[in-house]
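Below is a structure I'd like to ask you about.
The values are calculated or read from the model by the stated rules, or taken from the named source; none is laboratory data. Given the structure is predicted, the values throughout are model-derived calculations rather than measurements. Here the Cβ positions follow ideal geometry from the backbone for every residue, glycine too, while neighbour counts run over all protein chains shown.
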Amino acid sequence: MGGRWISERLRLRPGKETARDVIRMRVREGLEQKGWVRKPPNSRVPYVLSKIWDTAPDDLYYSHARLEGDPENWSYAQAVHVSADGREVHLYREVVW
């Protein structure tokens with residue numbers, strides 16, 4: 001098994017305000033509309049993400065089957081953490097083969 005991963009940290013623009021629950025809802029709706037499937041926490045994903053960014057027990061975990069044109073054995077996983085104040089979103093994405 002092999003794979004690649006990337007992490008990102010997104011910050012709310014200065015002067016902007018939003019609620020953490022609103023961000024989490026937008027993330028869920030956006031990913032699920034694009035075919036991502038919500039999963040229970042994966043013991044591997046939080047471990048890697050916690051070495052880079054903050055994590056929380058209610059982080060969102062998703063998987064996605066290979067995309068059209070990808071090799072047959074590829075799959076995708078994603079973890080999303082929204083900070084307690086809703087000002088940062090941390091993403092960890094991986095492709096596994």
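For residues that are touching a Phe, Trp or Tyr at 6+ places or on another chain (Cβ under 7 Å) and either without any contact (Cβ under 8 Å) to a residue 12 or more places away in the chain or buried (at least 17 other Cβ atoms within 10 Å of the Cβ) (or both), scanning just the range 48-62, find the one that is nearest to Leu31 (Cα to Cα).
That would be Tyr62.
With respect to the numbered conditions (1) modelled with pLDDT under 90; (2) assigned to a strand (DSSP E or B); (3) of a type in the set (A, V, I, L, M), which one is the sole condition not fulfilled by Ile52?
Result: Ile52 passes all but (2).
How many residues, within the range 14-47, are surrounded by 10 or more Cβ atoms within 10 Å (Cβ to Cβ), outside any helix (DSSP H, G or I) and at pLDDT below 90?
2
Conditions (1) touching a residue at least 40 places away in the same chain (Cβ under 8 Å); (2) out of contact with any Ser or Thr (no Cβ under 7 Å at 6 or more places or on another chain), marked per residue:
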residue	(1), (2)
Arg11	yes, yes
Val22	yes, yes
Pro40	no, yes
Ser75	no, no
Ser83	yes, yes
